[in-house]
1. Hey, which of the helices (runs of 4 or more DSSP H) in the stretch 103-175, taking only ones fully inside, have at least 2 residues that are closer than 18 Å to residue 88 by Cα and in contact (Cβ under 8 Å) with a residue 12 or more places away in the chain?
2. Those residues that are in contact with a Gly (Cβ under 7 Å, 6 or more places away or on another chain) and open to solvent by less than 20 Å² (accessible area, probe 1.4 Å), I need them from the stretch 68-79; list them, please.
3. Can you tell me which residues in the stretch 177-187 are assigned to a helix (DSSP H, G or I) and open to solvent by 20 Å² or more (accessible area, probe 1.4 Å)?
4. It is to be established whether one or more residues within the stretch 91-99 are open to solvent by 10 Å² or more (accessible area, probe 1.4 Å), under 14 Å from the mean Cα position of the chain (by Cα) and over 24 Å from residue 178 (Cα atoms).
5. Would you confirm, using the coordinates I've provided, whether residue 203 is at pLDDT below 95, over 21 Å from residue 117 (Cβ atoms), out of contact with any Ser or Thr (no Cβ under 9 Å at 6 or more places or on another chain) and open to solvent by 80 Å² or more (accessible area, probe 1.4 Å)?
6. Based on what the data block shows, is residue 105 of a type in the set (A, V, I, L, M) and in contact with an Asp or Glu (Cβ under 9 Å, 6 or more places away or on another chain)?
7. Please state which one of 85, 126 is modelled with pLDDT of 95 or more, under 18 Å from residue 158 (Cβ atoms) and open to solvent by 50 Å² or more (accessible area, probe 1.4 Å).
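The values are calculated or read from the model by the stated rules, or taken from the named source; none is laboratory data. This is a predicted model, so every value here is computed, not measured. Backbone-built Cβ (ideal geometry, glycine too); neighbour counts: all protein chains shown. Calculation scope for accessible area: heavy atoms of the full protein, side chains included, ligands and nucleic acids excluded. Shrake-Rupley method; radii C 1.70, N 1.55, O 1.52, S 1.80 Å.
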Amino acid sequence: MSLPKTLAEDVARNLVMVARLIDEDPEEAYAYARIALRLASRVAAVREAAGFAAYATQKYAEALAEFRAARRMTGSVDLWPVMADCERGLGRPERAMAMAGEPEVQKLDKAGQVEMRLVAAGARRDMGQIDAAIVTLQSPELASNSVQSWTPRLRYAYADALLEAGREDEAREWFGKALEADKDGSTDASDRLAELDGVEFVDVLGDDDPTGADAADEVAPRDEDVSGDRDDEDDVRDDADLDDGQDDEDDDQDGSVKAW
């Protein structure tokens, strides 16, 4: 769908702000996404951005509605894994599992299939099926020595599942493998390894010492709260622009799946 030039520019500016803020300030990104949605609700990219902004602020029902709308507009299956994860966020892991067995998964690229595997394993854990979650994550992608963008997260999820199952030695090994692959620091694998080794981190960062005392000297505790408190915001927002039709495609799913 094409938009008048001025309107298109306004929408684009808001989408740029969504992309810029979604990691560091999800609530602010969400506000920009709502503006873009009011301006151009019939543009698939706007619905998708609004979905991710809602997802980042844990508004899973809203995110799912936006993702469904974007999918209807484009016919793409790329959003299938995050839609399934929204079902998990809504407390419906059985629906996420059912989606993991749908034909749409076979249409995903490798990264999308790995993402779907991660969601399916998470759904298994939600249902208390930790051994099944471990098996779900065991795959050629996990065993491969090739490092891809999704490798750190896949290895990390496997390590975390092993740890929950009480297999500490194996968990330590896989947290180490996750750390080796995690060049961008996308996981906290190093912290998890340290915890397993009994290392306790103490935050000693503070303002520069005005007395010029040696950095090795003991740092006195501070009574003041230095964490930037933020006022709670009302998460309940009316959404008159949401797509008024919930897809019926997931309602008949029985929550069982053999593919994962």
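1. On the way: elements: 110-126, 130-137, 140-143, 151-164.
Ranges flagged: 110-126, 130-137, 151-164.
2. 70 - this is the single residue of the stretch 68-79 that is in contact with a Gly (Cβ under 7 Å, 6 or more places away or on another chain) and open to solvent by less than 20 Å² (accessible area, probe 1.4 Å).
3. Within the stretch 177-187, the first condition is being assigned to a helix (DSSP H, G or I), and the residues that meet it are 177-181.
Within the stretch 177-187, 177, 179, 180 qualify.
4. no
5. Numbers: at pLDDT below 95: yes; over 21 Å from residue 117 (Cβ atoms): yes; out of contact with any Ser or Thr (no Cβ under 9 Å at 6 or more places or on another chain): yes; open to solvent by 80 Å² or more (accessible area, probe 1.4 Å): yes.
So residue 203 fits the description; yes.
6. Numbers: of a type in the set (A, V, I, L, M): yes; in contact with an Asp or Glu (Cβ under 9 Å, 6 or more places away or on another chain): no.
Judged against the criteria, residue 105 is not a match.
7. On the way: 85 fails: open to solvent by 50 Å² or more (accessible area, probe 1.4 Å).
Every option except 126 fails the conditions.
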